[in-house]
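Step one of this worksheet: look at the structure below.
The values are calculated or read from the model by the stated rules, or taken from the named source; none is laboratory data. Please read these numbers as outputs of a predicted model, since none were measured by experiment. Using ideal geometry, Cβ is built from the backbone for each residue, glycine included, and neighbour counts are taken over all protein chains shown.
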Amino acid sequence: MTSSASRLEPRRTADGSFSLFSSDFGEGFHSSRGALAEARSKFVAPAGLERWPRGSCLTVVDMCVGTGSNTAALLEECAARGLELNWWGLELDREPLRLALADAAFRRQWQPAALERLEQLGASARMLWGDARQQLPALLEQQRGQVHLVLMDAFSPSRCPQLWTLEVLSQLGALLHPRGRLLTYCSAAAVRQALRLAGLEIAAIAAPSGLQQHQSDWSGGTAASPGPLPAEPLLRPLSPMEEEHLRTNAAEPYRDPSGTAEREVILRERQRAQAEAMAAGGVEATGAWRRRWGLSSSHHQ
């Protein structure tokens, strides 16, 4: 087994905040533009915390806690609004949170009260360690229909399809309160399609102001809810381009009926399903969609 020092490399993102790069997944924990900015713009701001009066207690599930940045940012904003949190976290690896809490620069990012609460939560029984696919059923039994916010921040679908399957996203959707929201940085067609198949309404999270540097940055992520998502400054209906994306072979969901399949198996089965759909003539090739909308081939798969 490789050591944490070799498989998790500390990084500083463009806004100066702490992040990590995982050699196991070949991917960073956050956008290079800013870990702190990402937590605030893609997970906290679109949460619509203004919907609840001071004194309310929100039930929150942080899916893939990682360094704890999303929870810390939410703790700070909730404290400013007089909101309490009933928090649950799911995470496979203990090292990212440990490394973050041991880093002086990470600690300086947060107000002392939020940092102290993050440390308490990470050491509590509400922090569910292990494969989230095995942890979700028990959490669902306890919290079905009661969760106000799900923060979904797993590694990207191509790197970690195990946590983006129709089965996992359906369970996360079933956790949601009628006014609850699932929030994710991900705009992949397969994920959005799975959320719809799970019976959820979806909206796009606006690309963060000042960060839209490329034509491909047409979305800052996805919000999903059991009920309609109202138009808000940071939420908008899917554009015609995005709706067409869901009619391409890229929208074939990842599937894992057993809840135990390895990455390679999930990817292979999805490729098979995509080929079958294309052969049946029921979907458009993603390349044709990209060319029609003038997009590069490297984004929003």
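Of the candidates 284, 243, the single residue that is modelled with pLDDT under 95, over 18 Å from residue 167 (Cα atoms) and charged (D, E, K, R) is 284.
In the stretch 49-70, what residues are crowded, with 20+ Cβ neighbours inside 10 Å and either in contact with a Gly (Cβ under 6 Å, 6 or more places away or on another chain) or in contact (Cβ under 8 Å) with a residue 60 or more places away in the chain (or both)? Let's see the steps before the verdict.
Pass one, the stretch 49-70, residues crowded, with 20+ Cβ neighbours inside 10 Å: 58, 60-70.
If the condition is that a residue be crowded, with 20+ Cβ neighbours inside 10 Å and either in contact with a Gly (Cβ under 6 Å, 6 or more places away or on another chain) or in contact (Cβ under 8 Å) with a residue 60 or more places away in the chain (or both), then 58, 60, 61, 62, 63, 64, 65, 66, 70 are the ones that fit.
Residues to consider are 179, 159; find the one that is touching a residue at least 12 places away in the same chain (Cβ under 8 Å), assigned to a strand (DSSP E or B) and surrounded by fewer than 22 Cβ atoms within 10 Å (Cβ to Cβ).
Values: 159 fails: assigned to a strand (DSSP E or B).
After applying the criteria, what remains is 179.
Conditions (1) at positive phi; (2) modelled with pLDDT under 95; (3) more than 20 Å from the chain's Cα centre (by Cα); (4) not in a helix (DSSP H, G or I), marked per residue:
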site: 2; (1), (2), (3), (4): no, yes, yes, yes
site: 5; (1), (2), (3), (4): no, yes, yes, no
site: 10; (1), (2), (3), (4): no, yes, yes, yes
site: 39; (1), (2), (3), (4): no, yes, no, no
site: 44; (1), (2), (3), (4): no, no, no, no
site: 55; (1), (2), (3), (4): yes, no, yes, yes
site: 59; (1), (2), (3), (4): no, no, no, yes
site: 93; (1), (2), (3), (4): no, yes, no, yes
site: 106; (1), (2), (3), (4): no, yes, yes, no
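When 126, 133, 117 are checked against the criterion of being touching a residue at least 12 places away in the same chain (Cβ under 8 Å), closer than 23 Å to residue 36 by Cα and surrounded by 13 or more Cβ atoms within 10 Å (Cβ to Cβ), a single residue qualifies: 117.
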